[in-house]
Structure formats: C-alpha cells, structure tokens
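Structure, as structure tokens:
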Amino acid sequence: MKNPVRTGIFLAVLAAALYAVNAPCSKILLDYLPPTLTAGFLYLGAGLGMGVIAVIRKLSGKTHTEARLTKAELPYTIGMILLDIAAPVCLLFGLRATTAANASLLNNFEIVATAAIAFAIFREAISPRLWVGIAFITLSCLLLSFEDLSSLQFSYGSLLILLACVCWGLENNCTRKISSKDPMEIVLLKGIFSGSGSVVIGLCVGERAEVWWSIPAVLAVGLVAYGLSIFFYVYAQRLLGAARTSAYYAVAPFIGTILSLIVFREMPPYTYFIALALMAVGAWLCAEDKPLFRRKNKRTMSEDNSDG
C-alpha cells in the first residue's frame with residue numbers, strides 16, 4: 001500500500017458519505033415503522049446485504065486473505081453487538097423528537113465520545129489540538145441540545161441522540177480492537193446479531209409495521225448507511241486508529257444536514273447556524289491534526305504487529 005494515510009482518510013470519508021443518508025431517510029420511514037424495529041431492520045439490511053456480497057465474493061473464487069475472529073476477541077465482539085443494539089434505538093427515538101438536520105449535526109458528538117473513551121480506557125494518544133477540536137464540538141452539541149436558550153430547557157430528543165453517540169463511541173473502540181480481522185465478518189456479525197436483537201425487542205414491546213413496503217425500504221437504507229459504511233469504516237480504523245477515523249468521519253453529519261434541509265425544507269433557528277460554525281471548526285481541528293496522526297499510526301501498527 002503506497003500511502004496508507006491517504007487510503008485511510010478516503011475510506012473514512014466514503015464511510016461517512018454512505019452513512020449520511022441515514023438521518024433523512026430514517027426520519028421519513030419512522031412514519032411507517034416504529035423506532036426499535038427500524039433500528040433492527042437497518043442492521044439486518046447491512047448483515048443480509050453484506051452476506052450476499054460475501055457469497056458472490058466466494059463464488060468468484062477470490063482468495064480469502066483476511067484473519068478470522070478468535071476467542072480472544074470475543075469480549076469486544078459481544079460489546080460491539082450489544083452497543084449496536086442500544087445506539088440506533090436511542091438515535092431513532094431521539095430522531096422522532098427533533099429535526100433530521102439537528103440530529104445529523106449532533107451525530108458529531110460521536111467524535112468526542114470515541115476520543116474520550118479511546119484516551120481514558122484504551123490509552124490512545126490524544127494531542128492538545130485534538131482536545132481543542134473536541135471542545136468546539138462539545139460546545140456545538142450543547143447549543144443544539146437546548147430547546148429554549150432563555151429557559152435552558154433540554155430537548156430529550158437531543159439527549160437521546162447524544163446517548164446514542166456515547167454508545168457508538170464505546171462501540172467504535174471495541175471495533176478498533178478487532179479491526180485487524182476480516183471486515184466482512186465484522187459487518188455480518190454486527191448486522192445479523194444486532195439487527196435480530198433489536199427486532200426481537202421491538203416485537204416484544206408491541207411494535208408493528210404500518211405498511212409492508214417500509215421493511216424492504218429500511219433494509220435497503222441499512223445496506224448502504226450501515227453495511228457498506230461500516231465495511232469501509234473498519235478498514236479505515238485499521239489504518240488510522242479509533243480517534244482519528246472518527247475525526248475524518250465527522251463529515252457525515254454535514255452531508256446529512258444538507259440532505260435533510262433539501263428533503264424537509266425546514267429552516268432551522270439561528271442557534272443551529274452558530275452550532276454549525278462551531279462544529280465545522282471542531283471537525284477541521286480534529287481532521288487536520290496530522291502530526292499526532294503520524295505518531296499514532298506508527299504506534300498502532302507496531303502494537304498490531306506485536307499482537308499478531
């Protein structure tokens with residue numbers, strides 16, 4: 001691989017662009033399918049779609065060179081699956097109580113959660129510049145989370161989305177620990193088990209589809225926004241690490257915001273544009289933190305080699 005840095009950045013941004021369709025499409029589909037079932041079928045769409053791709057890859061006779069998951073990665077794999085059940089359920093319940101544009105921008109809090117957890121629990125190096133970027137993103141998220149700045153009333157929809165970001169931040173770090181393994185296998189596990197878990201929970205609490213076509217529609221969104229996105233995200237994590245990948249992945253909410261404004265034609269309040277500016281600065285600071293990236297990339301590679 002000539003330039004793993006550029007390759008990792010390209011894959012992270014590609015994953016972000018694919019995920020960006022999630023908020024506006026899910027916002028529409030939530031009118032026909034309840035949140036927990038929607039979360040489940042999104043992941044099932046990812047698992048089933050990638051399963052078909054895996055079968056095609058096998059039938060084509062391509063040599064399988066990726067390492068398989070082992071018992072040593074079992075705790076991280078289980079954590080990844082359970083967090084992938086909780087996170088989208090929180091996101092979709094939050095999406096019902098806020099705008100798709102607001103939700104898309106709030107998704108950037110995942111950078112803060114991923115970096116903080118990577119630093120505190122997994123001892124991943126975080127530079128002062130990255131911390132400043134994280135501070136801007138956090139300030140933007142706080143601004144977006146208040147329904148009324150005069151009374152400082154929190155929006156419970158925004159809080160649920162932030163909780164989803166925390167779950168995904170921890171999940172990102174779990175996935176980082178197994179990112180040296182076959183990305184196809186990781187996506188299949190995420191899709192089938194996380195999706196099935198959410199569907200079972202949704203059916204047990206009495207959720208049902210309003211119209212039949214909503215299920216294949218959600219499955220299709222899941223294939224793109226979760227399946228293909230996760231697939232490329234795992235490859236990016238292998239090259240960049242958890243904190244760095246999430247920083248480049250920060251373009252997803254901006255793409256999602258633009259799509260949401262086009263689809264729903266909703267003009268957000270002035271506080272949204274202030275938050276957008278703060279978020280843009282924070283994302284730029286995180287993404288342009290190149291010196292730390294090089295040090296971190298070398299350290300991660302040496303750790304992966306020692307683990308192998």
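Bear in mind these aren't lab numbers, they're just calculated from the coordinates by the rules spelled out. Model, not experiment: these values are computed from the prediction. In this analysis, Cβ positions are derived from the backbone assuming ideal geometry, glycine residues included, and neighbour counts consider all displayed protein chains.
Just a few scattered comments:
- Förster radius 30 Å - calculated FRET efficiency between Tyr270 and Tyr156 (Cβ-Cβ, nearest 0.05): 0.85
- In this simple spin-label approximation, Thr7 and Leu59 carry label points 7 Å from Cα along the Cα→Cβ vector, and these lie 2.9 nm apart.
- Remark on Ala67: its backbone amide H falls under 5 Å from those of Asp182, a criterion applied only to residues 5 or more positions apart or on other chains, H modelled at 1.01 Å from N.
- Percent breakdown of C-alpha pair distances by 5 Å bin, ordered from the shortest bin, for segment 1-147: 2, 7, 11, 15, 20, 18, 13, 9, 4, 1, 0, 0
- Computed packing ranks the peptides 52-60, 39-47, 246-254, 81-89 as 39-47, 246-254, 81-89, 52-60, most packed first, by mean other Cβ atoms within 10 Å.
- The Rg/Rh ratio of the chain, with both radii computed over alpha carbons and Rh defined as the Kirkwood radius, is 0.96.
- Top positive-direction residue, dipole computed over the chain with Cβ charges, set Tyr233, Tyr43, Leu91: Tyr233
- Distance from the C-alpha centroid of segment 191-238 to that of segment 87-115: 16 Å, rounded to the whole angstrom.
- Helices of the chain meeting both criteria, an alpha-carbon length of 30 angstrom or more along the long axis and an average Kyte-Doolittle score not below 0.5, with helices taken as full DSSP H segments, are 35-59, 74-95, 156-177.
- Modelled spin-label separation between Leu142 and Val200, with each label point placed 7 Å from Cα along the Cα-to-Cβ direction: 4.1 nm.
- Dipole-positive endmost among Ile274, Val251, Ala125 within the chain (Cβ charges, Cα centre): Ala125
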